[in-house]
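Peer 1: Here it is, the structure, as structure tokens.
The values are calculated or read from the model by the stated rules, or taken from the named source; none is laboratory data. Remember, predicted model here, so these are calculated numbers, not experimental data. A quick note on method: Cβ atoms are made from the backbone with ideal geometry, for glycine too, and the neighbour counts reach across all protein chains shown. Side chains are part of the model used for accessible areas, which takes the heavy atoms of the whole protein and leaves out ligands, DNA and RNA. Shrake-Rupley method; radii C 1.70, N 1.55, O 1.52, S 1.80 Å.
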Amino acid sequence: MAATEAAPDLLRFATAGSVDDGKSSLIGRLLYDSKAILEDQMRAIEHASRQRGAEQVELALLTDGLRAEREQNITIDVAYRYFATARRKFIIADTPGHLQYTRNMVTGTSTADLSVVLVDARKGVLTQSRRHAAISNLLGIRQIVVAVNKMDLVDYDAEVFRAIQHEFRAFTDRLGVPSVTFIPISALLGDNVVDPSERMDWYLGPTLLQFLEEVPRPDRAGTALRLPVQYVVRPHQDFRGFAGRVEGGSVSVGDEVTVASNGRSSRVRSIHVAGREALHAGSGQPVVVTIEDEIDISRGDLLFGSPNVPTTASRFEAVVCWLQETPLEIGRRYTLLHTTRRISAVVESVVNRIDVDTLEPRDAAILNMNDLGRLVIRTSGPLYFDPYSENPSTGSFVLVDPGTNVTVAAGMVQGVFQGEAAAAHRTGRAVWLGPWSSRASTLAADLRAFGRSVVSMHSAPDESASSVVGRAEELTIQGFDVLVSFEGEDGPASVASEPTIEELLATLGG
């Protein structure tokens, strides 16, 4: 057996900023000056630039072309580019600058190690610049690079750069961002992008590429071993392995591992990486492991190492970005995808909506598209997770509409809901409001103020009574009391008169 080679040094970073701050030009300049553009790509860009009447090659066309391709078939408007230097490999997520595509910026930045926020030297720090810095911080990115672009259009004035630096740092200090680096550049002309600028001799720091090559890659998977099981490998009766990707820590032959779903432990007998046996595997590597004991393990299980155990809870708080035009519906059943697991979930309540400019909480009853908010979510069974700030892989999830299979939200687990261990499980009750269905949401909010786990459930257009009954029963089994909004004549008997909170509390009982 041989030990596996170290994983390549790969840095993921996202570019963000307001519209026309020069993100596409910056990426094009990075690729061009680092010799990462193929000859046929360069000829195509030169030809397109001439057709547009440009006096020089428009490097922004490198990503503009990708953007046109995405408009045909791809819904997430984020372009990914890969390039490498002698010192490091890079993946760039080019995120859009428009306010209405905030959700896309969240998607592109969620897997990044650092964020490059562009600021137009002529315009200064804009609302969108602050917004992208705030979201990067919310997503757990602790390293932000502020690239003050278009310095050539302000005559490379050092005072313009320092004023932007002072204003932006005051904002990031309020956010609590631990590391912010400022670099003055001209993406169009190449100043301080790859090569140092002779026209800004007052700046003594690194170029953007030099900084990206030298900055330490953050280790955000600081937990012990986390190995979500994706597939059980059983080629013959003498081999039973568990395939997955190491999402935290590392695993070695002889290590003790525990199965989250049943708490049983065993030791690692063998590790297989890329079809070959290995003694060790690190975070990010796909593996197949075998263990010494026969334990029931299947897809969706989690193997972890001691002493840092994952949190187990079926009710937790999370920050989510709502991705769909249809607003969030409290009490509706969604499918939650977490690592390799699929589980039924409902949103119990909206704690608040997050102002993406300042990260301040705002009162809200629902979330609309592009909104970020803190929710209380309950799942039909226990979830095994780490807070997103400790391990983004085991602390993130998506919500999917089970009827359309459309992803409606992306979330980051913050921790166990404080009321998680308050009471033993009880089966909830359903109240059919009938003619008073329009008051369902208001009544549910009032009941929650009394400490009740209540959701309001609205029937879909043309939905049958039997379907609504089934949905309501599923929620009551999970412990929710349900106020059902359904006015059809074939449904169960509804309340006889307009209900008061006192009457509803008496009906729902303990």
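Peer 1: Collect the residues in the range 138-164 that are surrounded by fewer than 19 Cβ atoms within 10 Å (Cβ to Cβ) and either within 23 Å of residue 95 (Cα to Cα) or out of contact with any helix residue (DSSP H, G or I) (no Cβ under 6 Å at 6 or more places or on another chain) (or both), keeping them in residue-number order.
Peer 2: Passing the criteria: 142, 152, 153, 155, 157, 158, 159, 162, 163.
Peer 1: Taking the condition of being over 24 Å from residue 392 (Cβ atoms) and in contact with a Lys or Arg (Cβ under 7 Å, 6 or more places away or on another chain), how many residues in the range 254-274 meet it?
Peer 2: The number of residues fulfilling the criteria is 2.
Peer 1: Hey, among 311, 340, which residue is in contact with a Pro (Cβ under 7 Å, 6 or more places away or on another chain) and in contact (Cβ under 8 Å) with a residue 60 or more places away in the chain?
Peer 2: 340
Peer 1: Go through 125, 119 for me and flag whichever is within 22 Å of residue 80 (Cα to Cα) and over 22 Å from the mean Cα position of the chain (by Cα).
Peer 2: The match here is 119.
Peer 1: Sticking with this structure for a sec: Check every one of the strands (runs of 3 or more DSSP E) wholly within the range 285-382 and list those with 1 or more residues that are touching an Asp or Glu at 6+ places or on another chain (Cβ under 7 Å). Before the answer, list the steps.
Peer 2: Working: elements: 286-291, 302-304, 311-322, 333-338, 341-354.
Here the list reads 311-322, 333-338, 341-354.
Peer 1: Answer yes or no: is there a residue in the range 238-245 that is under 30 Å from residue 34 (Cβ atoms), modelled with pLDDT of 90 or more and out of contact with any Cys (no Cβ under 6 Å at 6 or more places or on another chain). I'd like the intermediate steps shown before the answer.
Peer 2: Taking the range 238-245 and keeping what is under 30 Å from residue 34 (Cβ atoms), we get 245.
Filter once more, so that each one left must be modelled with pLDDT of 90 or more: 245.
Checking the rest, the ones that are also out of contact with any Cys (no Cβ under 6 Å at 6 or more places or on another chain) come to 245.
For the range 238-245, residues under 30 Å from residue 34 (Cβ atoms), modelled with pLDDT of 90 or more and out of contact with any Cys (no Cβ under 6 Å at 6 or more places or on another chain): present.
Peer 1: Look at the range 141-166 and say how many of its residues are more than 19 Å from residue 20 (Cβ to Cβ), touching an Asp or Glu at 6+ places or on another chain (Cβ under 9 Å) and assigned to a strand (DSSP E or B).
Peer 2: 1
Peer 1: Going by the conditions given, is residue 413 of a type in the set (Val, Ile, Thr) and surrounded by fewer than 24 Cβ atoms within 10 Å (Cβ to Cβ)?
Peer 2: Working: of a type in the set (Val, Ile, Thr): yes; surrounded by fewer than 24 Cβ atoms within 10 Å (Cβ to Cβ): no.
Criteria not met by residue 413.
Peer 1: Looking only at the range 209-219, decide whether some residue is modelled with pLDDT under 95 and either over 31 Å from the mean Cα position of the chain (by Cα) or part of a strand (DSSP E or B) (or both).
Peer 2: Checked the range 209-219: no residue is modelled with pLDDT under 95 and either over 31 Å from the mean Cα position of the chain (by Cα) or part of a strand (DSSP E or B) (or both).
Peer 1: Output the residue which, of all residues in the range 167-208 that are part of a strand (DSSP E or B) and out of contact with any Asp or Glu (no Cβ under 6 Å at 6 or more places or on another chain), is most open to solvent (accessible area, probe 1.4 Å). Working first, answer last.
Peer 2: Initial filter on the range 167-208 (part of a strand (DSSP E or B)): 179-184, 186, 191, 195.
Okay, now just the ones that are also out of contact with any Asp or Glu (no Cβ under 6 Å at 6 or more places or on another chain), so 179-184, 191, 195.
On the way: 179: 38, 180: 21, 181: 30, 182: 12, 183: 0, 184: 0, 191: 7, 195: 88 Å².
This residue is 195.
Peer 1: Something else about it: Quick check on the range 316-323. Is at least one of its residues in contact with a strand residue (DSSP E or B) (Cβ under 8 Å, 6 or more places away or on another chain), farther than 30 Å from residue 217 by Cβ and either among the small types (Gly, Ala, Ser) or modelled with pLDDT under 90 (or both)? Break it down into steps so the answer makes sense when it comes.
Peer 2: Step one: of the range 316-323, the residues in contact with a strand residue (DSSP E or B) (Cβ under 8 Å, 6 or more places away or on another chain) are 316-323.
If we keep only those that are farther than 30 Å from residue 217 by Cβ as well, we get 322.
If we keep only those that are either among the small types (Gly, Ala, Ser) or modelled with pLDDT under 90 (or both) too, we end up with 322.
Yes, the range 316-323 contains a residue that is in contact with a strand residue (DSSP E or B) (Cβ under 8 Å, 6 or more places away or on another chain), farther than 30 Å from residue 217 by Cβ and either among the small types (Gly, Ala, Ser) or modelled with pLDDT under 90 (or both).
Peer 1: If you scan the range 230-246, which residues turn out to be in contact (Cβ under 8 Å) with a residue 12 or more places away in the chain, in a loop (DSSP other than H, G, I, E, B) and open to solvent by 30 Å² or more (accessible area, probe 1.4 Å)? Steps first, answer last, please.
Peer 2: Residues of the range 230-246 that are in contact (Cβ under 8 Å) with a residue 12 or more places away in the chain, as a first pass: 230-233, 239-246.
This time we only want the ones that are in a loop (DSSP other than H, G, I, E, B), so: 230, 246.
230, the sole residue that qualifies.
Peer 1: Can you tell me which residues in the range 353-378 are closer than 20 Å to residue 460 by Cα and either open to solvent by less than 40 Å² (accessible area, probe 1.4 Å) or touching a Leu at 6+ places or on another chain (Cβ under 6 Å) (or both)?
Peer 2: Correct list: 366, 367.
Peer 1: Let me ask something else. Evaluate the following for residue 279: is it over 22 Å from the mean Cα position of the chain (by Cα), closer than 30 Å to residue 165 by Cα and either buried (at least 21 other Cβ atoms within 10 Å of the Cβ) or not small (Gly, Ala, Ser) (or both)?
Peer 2: Working: over 22 Å from the mean Cα position of the chain (by Cα): yes; closer than 30 Å to residue 165 by Cα: no; either buried (at least 21 other Cβ atoms within 10 Å of the Cβ) or not small (Gly, Ala, Ser) (or both): yes.
No.
Peer 1: Go through (1) closer than 30 Å to residue 262 by Cα; (2) in a loop (DSSP other than H, G, I, E, B); (3) open to solvent by 10 Å² or more (accessible area, probe 1.4 Å) one by one and return the number of the condition residue 394 breaks.
Peer 2: With (1) closer than 30 Å to residue 262 by Cα; (2) in a loop (DSSP other than H, G, I, E, B); (3) open to solvent by 10 Å² or more (accessible area, probe 1.4 Å) applied to residue 394, the lone miss is (3).
Peer 1: Please pick out the residue among 288, 350 that is more than 30 Å from residue 250 (Cα to Cα) and open to solvent by 10 Å² or more (accessible area, probe 1.4 Å). Before you say what the answer is, go through the steps one by one.
Peer 2: Working: 288 fails: more than 30 Å from residue 250 (Cα to Cα).
Selected residue: 350, the only one of 288, 350 that is more than 30 Å from residue 250 (Cα to Cα) and open to solvent by 10 Å² or more (accessible area, probe 1.4 Å).
Peer 1: Here is a check on your reading of the model: is residue 227 surrounded by 14 or more Cβ atoms within 10 Å (Cβ to Cβ) and touching a helix residue (DSSP H, G or I) at 6+ places or on another chain (Cβ under 7 Å)? Can you show your working first?
Peer 2: Details: surrounded by 14 or more Cβ atoms within 10 Å (Cβ to Cβ): yes; touching a helix residue (DSSP H, G or I) at 6+ places or on another chain (Cβ under 7 Å): no.
For residue 227, the condition - surrounded by 14 or more Cβ atoms within 10 Å (Cβ to Cβ) and touching a helix residue (DSSP H, G or I) at 6+ places or on another chain (Cβ under 7 Å) - is not met.
Peer 1: For residue 316, work out the one condition from (1) open to solvent by less than 20 Å² (accessible area, probe 1.4 Å); (2) over 26 Å from residue 249 (Cα atoms) it doesn't fulfil.
Peer 2: (2)
Peer 1: Further, regarding this structure: When both residues are 6+ apart or on different chains and their Cβ atoms are under 7 Å apart, which pairs have a first residue that lies in the range 126-140 and is outside any helix (DSSP H, G or I), and a second that is small (Gly, Ala, Ser)?
Peer 2: 126/18; 139/110; 140/389
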